[in-house]
Amino acid sequence: MSSEIGASGPLLPDFGGRSNIAIVPALTWGTPCVLLPDEILAAPAVVLLVLDSLGWMQLEERRDAAPTLSAMAGGPATTVAPSTTAAALTSITTGVPPGEHGIVGYRFAVGGGVLNALRWTVNGSDHRDIATPSVVQEAEPFGGGSWDVISQRQFRNSALTEAYLGDGPYHGYDHPSSIAAIAAERVRAGDARVYAYYDGLDHVAHIHGISGAHFRTELAFCDWLVGQLLRQLPTGTALVVTADHGQIDAPDLLPVGDEVLALTRGRSGEPRFRWLHARPGATNELAAAAREAHGAHAWIRTQEQVIDEGWFGPNVTQAARSRLGDVALVAHAPVGFEDPDERYSDRLFGRHGSLTEAEMLVPVLSAIV
């Protein structure tokens, strides 16, 4: 099949308005943000909670499991492309799109290999000495403002933590129920801006999908956690809740066609946003072959089209451009595309990374305690 389907087309990030990358600049420096009410911006202290994988559409379909979140003010915003954790978290904390901060996906070409940005490894080996986190990601986390961070204790010294959170005060937790207690302690201690992160919903969705009781139960726990924050934070504190991406059920991985692989020298990205790296001079031929083989399941774009259409933001640095592939397979059907060098992806049930509404729309919710 040569024609692409996916009636509404990819949902591009709204970097000019309703994107969650506007949150931190607004809370740090008071820059304009249509997503947050004036009383939130004027609050003496704020806690920003990022619930990994809490998509807007997943929340809308399960509001009975999340009464506290459902009672908060706010609505949907777009995340970044690709709709994946490393790129999106870095955009949230830096306030700039991936084309500027350079963490352009889950796996991308840098330092002579394809870097797994979550683990900062190439073929399972640590890549920190070759691809220094603060060099790969040069935008200043939190815009240089003073933020305390609450995240898992095990992430404290990771390369991704260095890249997207910088070197500010880090408060590690062993159990997610401690997030509310730590946040309340920090605000009472005089910390005016606190960033907190929890990834339980993402893990559950990857393992069990979003359709059953596992996801609903974990969403109910996230709702409980938000309720605890509202109970424990000092009066007058603002609470803002957002996410890095949504997620869909997409357990099946499709092989990339042989005629496509014949024109490909390597792959990067992730199953729902798979980059193909073309053999020299073969980009246009590769794009045509990909459309013929996979146009029924994916949007096909060359690197130039992705950049011209603003997927990675209005400005794409040369460093960021060098980390992209030549042709993108961006799934709109509930499937992913294989890469034998990508470990464990065949074991996942829920996935994200593409530009469907379910993956791109995230909540931006707020309340004053």
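The values are calculated or read from the model by the stated rules, or taken from the named source; none is laboratory data. Everything numeric in this text was worked out from a predicted model, so none of it was measured. Here the Cβ positions follow ideal geometry from the backbone for every residue, glycine too, while neighbour counts run over all protein chains shown.
Tabulated data
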| quantity | calculated |
| --- | --- |
| Selection status of residue 319, more than 18 Å from the chain's Cα centre (by Cα) and of a type in the set (A, V, I, L, M, F, W, C) | yes |
| Candidates 329, 324 - the one that is at pLDDT 95 or above and not in a loop (DSSP other than H, G, I, E, B) | 329 |
| Matching residues in segment 264-276 - criterion: being within 26 Å of the chain's Cα centre (by Cα) and surrounded by 20 or more Cβ atoms within 10 Å (Cβ to Cβ) | 267, 268, 269, 270, 271, 272, 273, 274, 275, 276 |
| Those residues of segment 300-327 which are of a type in the set (Gly, Ala, Ser) and more than 12 Å from residue 275 (Cα to Cα), in sequence order | 310, 313, 319, 320, 322 |
| Candidate set from segment 17-33 (those that are exposed (fewer than 13 other Cβ atoms within 10 Å of the Cβ) and free of Cβ contacts under 8 Å to residues at least 60 places away in the same chain); member that is nearest to residue 179 (Cα to Cα) | 30 |
| Residue match in segment 148-158 (condition: touching a Ser or Thr at 6+ places or on another chain (Cβ under 9 Å) and of a type in the set (Gly, Ala, Ser)) | yes |
| Helices (runs of 4 or more DSSP H) fully within segment 14-126 counting 1 or more residues that are within 26 Å of residue 171 (Cα to Cα) and within 16 Å of the chain's Cα centre (by Cα) | 23-29, 85-94, 98-101 |
| Matching residues in segment 127-140 - criterion: being under 23 Å from residue 21 (Cα atoms), in a loop (DSSP other than H, G, I, E, B) and of a type outside the set (D, E, K, R) | 137, 139 |
| Single condition residue 110 does not satisfy, out of (1) modelled with pLDDT of 95 or more; (2) closer than 26 Å to residue 203 by Cα | (2) |
| Unmet requirement for residue 299, which otherwise passes all of (1) of a type outside the set (Lys, Arg); (2) under 19 Å from residue 343 (Cβ atoms); (3) in contact with a Pro (Cβ under 6 Å, 6 or more places away or on another chain) | (2) |
| Close pairs from segment 213-231: first without any contact (Cβ under 8 Å) to a residue 60 or more places away in the chain, partner among the β-branched types (Val, Ile, Thr), Cβ under 6 Å, at least 6 apart | 214/204; 218/204 |
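Quick grid of which residues meet (1) free of Cβ contacts under 8 Å to residues at least 60 places away in the same chain; (2) of a type in the set (Asp, Glu); (3) touching an Asp or Glu at 6+ places or on another chain (Cβ under 8 Å):
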site: 119; (1), (2), (3): yes, no, no
site: 134; (1), (2), (3): yes, no, yes
site: 153; (1), (2), (3): yes, no, yes
site: 197; (1), (2), (3): no, no, yes
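Rundown of residues vs (1) in contact with a Pro (Cβ under 8 Å, 6 or more places away or on another chain); (2) more than 15 Å from residue 193 (Cβ to Cβ); (3) of a type in the set (Phe, Trp, Tyr); (4) not assigned by TED's automatic domain parsing to the domain that holds residue 362, yes/no style:
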residue: 30; (1), (2), (3), (4): no, no, no, no
residue: 42; (1), (2), (3), (4): no, no, no, no
residue: 60; (1), (2), (3), (4): no, yes, no, no
residue: 80; (1), (2), (3), (4): yes, yes, no, no
